[in-house]
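Chemist: Okay, here's the structure, questions in a sec.
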Amino acid sequence: MKHQDMAAHPAKGDGRQAACDGCGNKECSAAERQKGESEKDFAERRELESRLCRILHKIVVLSGKGGVGKSTVAVNIAAALQMAGKRVGLLDIDIHGPSIPTMLGLEGVPLQSGPGGLLPADANGMKVMSLGFLLPDPDQAVIWRGPLKMGAIKQFLKDVDWGDLDYLVIDSPPGTGDEPLSVCQLIGKLDGAVIVTTPQKVAAIDVRKSITFCRQLGVPVLGVVENMNGFACPKCGEVTAIFSRGGGETITSDMNVAFLGSIPLDPAIAVACDAGRPYISAYAAAPTAGIMRRIVAPLLALEPGDASILKKEKHENKEKKNMKIAIPLADGKLAMHFGHCGSFALVEADPAEKKIVKREDLEAPPHEPGLLPKWLAERGANLIIAGGMGQRAQDLFLGQGIEVIIGAPAETPETLVASFFAGTLKSGTNVCDH
Ligand code: ADP
């Protein structure tokens, strides 16, 4: 079935609508139309939510960039959950290279539809749906370019009939742009994200970005997996370091998220991927499979609605020392031209109490390349609230362990910090690149 056919898919309203109508849960976000929501959008949202509410846990797998093993990790998390007796679905929305059909030996499987929508393919009991099933010829990937992409993602999420599941693992498009954003927003109510990274220094910036991305969207970070850390000897399993070690753990402790574990570069993983079998089941007795099971253990311990792992995150947040939030100033308010600001407000705040403890105004140092990130890091800043900032500058700050929120309005530091803690801080697109 081609992508264009999806809009004409016959299964509509009936079964799904009834699921919502018969539910009676007044607390459900699909119970009422939201302010400003059109009748059509409301109907679509109900349709999606009536499907997703039959899934106990939804976990999205993210990475700052492609090629780090995100799909490999997603497949093996799903397989490990299934091996632990859970009913599992795996959804591949990696628009740039849907690789899950290959990894599960499902290439060329025809898409079927039933009365309730598109039917996932079966991989030894695991329910699998992939954008790849819609692209019989890989060259057709071209049809996903442009605005069609977002509509296609939405349609796709809405049209799959998962039935009842314990876990849905979602392989998201890489990066922190519009595509993973749409996926996280459309699915909503995620248990959280597993972020996959590699050990190199450049990847550290990507993982910080992914963590910041999740925080801005209110998606809990379940933890970080470092992939391809060291080389596992095919004969004895001993792991030899290739890149500098400990990077993933340092970032996660800096940014107060859980480190789930390191998977070595293991030729058998690539072999299993190519053979269409999850490594963790094909090589269940291998040491690397043990590592994967330990990575999945906290995900198995998730409690419905309130993940224990999240409680840990909240708990750690309480114990966390004060934050230092840097805000560029012009006339006492946030300066929209970050690179031209004359001073900074450095606001010390208690994240547990959501209160400002102290504010210090500092004259900005000369605007020399690379100076500001170091200067702010030396003063203990761990967050910048800015109007606009170029991508390169954001990366430099992230490299110093300073998160950046862009697109904030020209308000006083006190107002901005209060709305940051209230979760109402307006952020998003860059408003200036100077
Ligand atoms: P991404 O989804 O991030 O683009 P993939 O999961 O598709 O990355 O992995 C890219 C390639 O790397 C695949 O061929 C996969 O088999 C291989 N690979 C991933 N992780 C490992 C690993 N730990 N050891 C060996 N090969 C790996």
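Chemist: Specify which of the listed residues (Pro147, Pro136) is under 23 Å from the mean Cα position of the chain (by Cα) and modelled with pLDDT under 65.
Modeler: Pro147
Chemist: Moving to a separate point now. Hey, any hits in region 40-47 for a residue that's aliphatic (A, V, I, L, M) and within 16 Å of the ligand (Cβ to nearest atom)?
Modeler: no
Chemist: Look through region 229-261, keep the residues that are assigned to a strand (DSSP E or B) and modelled with pLDDT of 90 or more, and return whichever of them is farthest from the ligand (Cβ to nearest atom).
Modeler: Top of the filtered list is Phe259.
Chemist: Now a separate question. Looking only at region 33-66, count how many residues are among the hydroxyl-bearing types (Ser, Thr, Tyr) and open to solvent by 20 Å² or more (accessible area, probe 1.4 Å).
Modeler: Looking only at that region, the number is 1.
Chemist: Being assigned to a strand (DSSP E or B) and among the hydrophobic types (A, V, I, L, M, F, W, C) narrows it down to one of Ala393, Ala377, Ala381, Ala349, so name that one.
Modeler: Going through Ala393, Ala377, Ala381, Ala349 in turn, just one is assigned to a strand (DSSP E or B) and among the hydrophobic types (A, V, I, L, M, F, W, C): Ala349.
Chemist: Right, another one. From Gly108, Gly69, Gly85, grab the single residue that is on the phi > 0 side of the Ramachandran plot, surrounded by 19 or more Cβ atoms within 10 Å (Cβ to Cβ) and either of a type outside the set (D, E, K, R) or away from the ligand (no atom under 15 Å from the Cβ) (or both).
Modeler: Among Gly108, Gly69, Gly85, only Gly69 is on the phi > 0 side of the Ramachandran plot, surrounded by 19 or more Cβ atoms within 10 Å (Cβ to Cβ) and either of a type outside the set (D, E, K, R) or away from the ligand (no atom under 15 Å from the Cβ) (or both).
Chemist: Continuing with this model, one more query. Give me the pairs: first residue in region 54-67 and over 22 Å from Ile205 (Cα atoms), second residue among the aromatic types (Phe, Trp, Tyr) and open to solvent by less than 20 Å² (accessible area, probe 1.4 Å), beta-carbon distance under 6 Å, and six or more apart or on different chains, which are they?
Modeler: So the pair list comes out as His57/Tyr167.
Chemist: Also, I was wondering about something else. Show the residue pairs meeting these rules: Cβ distance below 8 Å; 6+ apart or different chains; first residue within region 266-284 and closer than 23 Å to Gly125 by Cβ and outside the structural domain of Ser99 (by TED's automatic domain parsing); second residue loosely packed, with under 15 Cβ neighbours inside 10 Å and at pLDDT 95 or above.
Modeler: none
Chemist: Just give me the residues in region 163-183 being open to solvent by less than 10 Å² (accessible area, probe 1.4 Å) and either of a type in the set (A, V, I, L, M, F, W, C) or not in a strand (DSSP E or B) (or both), in sequence order.
Modeler: Matches in region 163-183: Leu165, Leu168, Val169, Ile170, Ser172, Pro173, Pro180, Val183.
Chemist: Okay, moving on. Quick one: Asp395 ticks every box in (1) touching a strand residue (DSSP E or B) at 6+ places or on another chain (Cβ under 6 Å); (2) open to solvent by less than 70 Å² (accessible area, probe 1.4 Å); (3) of a type in the set (D, E, K, R) bar one, so which box is it?
Modeler: (1)
The values are calculated or read from the model by the stated rules, or taken from the named source; none is laboratory data. Quick caveat: nothing in here was measured; it's all calculated off a predicted structure. Every residue, glycine among them, receives a Cβ derived from its backbone with ideal geometry; neighbour counts consider all protein chains shown. Just so you know, the surface numbers come from the protein's heavy atoms only, side chains and all, with ligands and any DNA or RNA stripped out. Shrake-Rupley method; radii C 1.70, N 1.55, O 1.52, S 1.80 Å.
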